[in-house]
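Participant: Structure in structure tokens, see below.
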Ligand SMILES: *Cc1c(COP(=O)(O)O)cnc(C)c1O
């Protein structure tokens, strides 16, 4: 099989056809490769740590469907569980036994949900917008705080200085979002707890919640500074605001119990997505019982979903979490990621390319800049032209990285020595090219 992952004749033909009937040819904006140039390869299938393109190339995949594929693609036991569930019917819109098992397992694994409750939805976006509605309903307050470069899905109130695709395309706010929808959204830089303290001082008794990625992943991977999450916790407690960890990306990834387990900080509410669905569309939000009891039908905060907890999604998510609990792959995946990141840093240094690597568990990024990266402004200091060249040349050598500087890389349990070696060999060549290009 070829290793050149750049769009070939078949992908180009498909992209042309797609562009006639789907805006931009894609169903989610970053997939269009706009910020790195070129056209996207279409993916035919995926297995283990590889995606196979429609042009017949096998690529080492660090996108992992943007996070869900922690066990590698098409894990046989997950696929079996989904197939078995499918034979019993695709959706009932009614209570099932498996969703009880799933909710119990989620509540046992995620520290802030122990003794609490969880509600299933169908995407990360739904999880964050529902958690914020709940926080507002519970506190009776309107204002919320989010970080510049933080991405929490595409609900109106959160499309201010948003990361991920919004950052990639330079539209961190969005047309179609009325001023009133974001009037109560207050912004702070990531990793700046004193800015949060200042917002509380400016708006006493008005702030319902802080929503934060405990490890930022949508401005590239940016770790929390020591003490940052602790300070957010104490500020929320002091001011009676709800601390919401958006663990849609970090949940079950940076530790089995997510970032809250890794850093030992317990939020009031937690949003989940990506890995929790094992590759199927699932989101979840949960936390303290006293807050969760405000959700309908127990309480006055409305939230619903026709396909919420549907049997296929639950089967994929439940099996994935069971395998993570049984096989305990986290330490090995993290060690592999550390090895990869060390190799990348070494090879950038050898070539004389300015490169700032970041890593938390199996999330990682590399920014083309000299200084440290602790927030969105730092991340924007990366040389994006260099990034685009790096991305295309790595793709040509069989390495599929997210087509944006403002996305994290993801390692999986299926990435073996050979995959890492291939990546590091390609990287050494590409760093040399970048250095020669100046
Ligand atoms: C991906 C992501 C979301 C949005 O999830 P969707 O399933 O794409 O709606 C929200 N928050 C974070 C931190 C994410 O990484």
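Participant: Which members of the stretch 194-217 meet the condition of being within 15 Å of the ligand (Cβ to nearest atom) and out of contact with any helix residue (DSSP H, G or I) (no Cβ under 7 Å at 6 or more places or on another chain)?
Facilitator: 213, 216, 217
Participant: Separate question: For residues in the stretch 135-164 being crowded, with 23+ Cβ neighbours inside 10 Å and modelled with pLDDT under 90, which is farthest from the chain's Cα centre (by Cα)?
Facilitator: In this case the residue turns out to be 162.
Participant: While we're here: Name the residues in the stretch 113-140 that are part of a loop (DSSP other than H, G, I, E, B) and within 15 Å of the ligand (Cβ to nearest atom), would you?
Facilitator: 122, 123, listed by residue number.
Participant: Tell me, please, whether a residue that is within 30 Å of residue 368 (Cα to Cα), surrounded by 16 or more Cβ atoms within 10 Å (Cβ to Cβ) and under 21 Å from the mean Cα position of the chain (by Cα) can be found in the stretch 310-330.
Facilitator: yes
Participant: Still on this structure, please answer the following. Against the definition (on the phi < 0 side of the Ramachandran plot, away from the ligand (no atom under 16 Å from the Cβ) and assigned by TED's automatic domain parsing to the domain that holds residue 288), how does residue 150 come out, yes or no?
Facilitator: No, not satisfied.
Participant: Take the conditions within 19 Å of the chain's Cα centre (by Cα), modelled with pLDDT under 95 and within 23 Å of residue 384 (Cα to Cα) and apply them to residue 30. Does it pass?
Facilitator: Considered against the rule, which asks whether it is within 19 Å of the chain's Cα centre (by Cα), modelled with pLDDT under 95 and within 23 Å of residue 384 (Cα to Cα), residue 30 comes out as yes.
Participant: Additional query: Applying the selection to the stretch 235-257, what residues are more than 11 Å from the ligand (Cβ to nearest atom) and within 25 Å of residue 334 (Cβ to Cβ)?
Facilitator: Selection gives 252, 254, 255, 256, 257.
Participant: Take the conditions assigned to a helix (DSSP H, G or I), in contact with a helix residue (DSSP H, G or I) (Cβ under 7 Å, 6 or more places away or on another chain) and over 18 Å from residue 62 (Cα atoms) and apply them to residue 314. Does it pass?
Facilitator: yes
Participant: Shifting gears a bit: Evaluate the following for residue 187: is it closer than 25 Å to residue 122 by Cβ, surrounded by fewer than 24 Cβ atoms within 10 Å (Cβ to Cβ) and away from the ligand (no atom under 16 Å from the Cβ)?
Facilitator: no
Participant: Can you name the condition, by its number, that residue 93 falls short on among (1) in a loop (DSSP other than H, G, I, E, B); (2) touching a helix residue (DSSP H, G or I) at 6+ places or on another chain (Cβ under 9 Å); (3) in contact (Cβ under 8 Å) with a residue 60 or more places away in the chain; (4) away from the ligand (no atom under 16 Å from the Cβ)?
Facilitator: (2)
Participant: Filter the stretch 337-354 down to residues that are crowded, with 22+ Cβ neighbours inside 10 Å and within 25 Å of residue 437 (Cβ to Cβ), then give me how many there are.
Facilitator: Final tally of qualifying residues: 2.
Participant: With respect to residue 171, is the statement that it is more than 15 Å from the ligand (Cβ to nearest atom), within 26 Å of residue 378 (Cβ to Cβ) and buried (at least 17 other Cβ atoms within 10 Å of the Cβ) true?
Facilitator: Answer is no for this residue.
Participant: Could you list, in sequence order, the residues of the stretch 218-229 that are within 14 Å of the ligand (Cβ to nearest atom) and under 14 Å from the mean Cα position of the chain (by Cα)?
Facilitator: 218, 219, 220, 221, 222 - these are the residues of the stretch 218-229 that are within 14 Å of the ligand (Cβ to nearest atom) and under 14 Å from the mean Cα position of the chain (by Cα).
The values are calculated or read from the model by the stated rules, or taken from the named source; none is laboratory data. Note that the structure is a prediction, hence the values are computed from the model and not measured. All Cβ positions, even for glycine, are placed from backbone atoms using ideal geometry, and neighbour counts span all protein chains on display.
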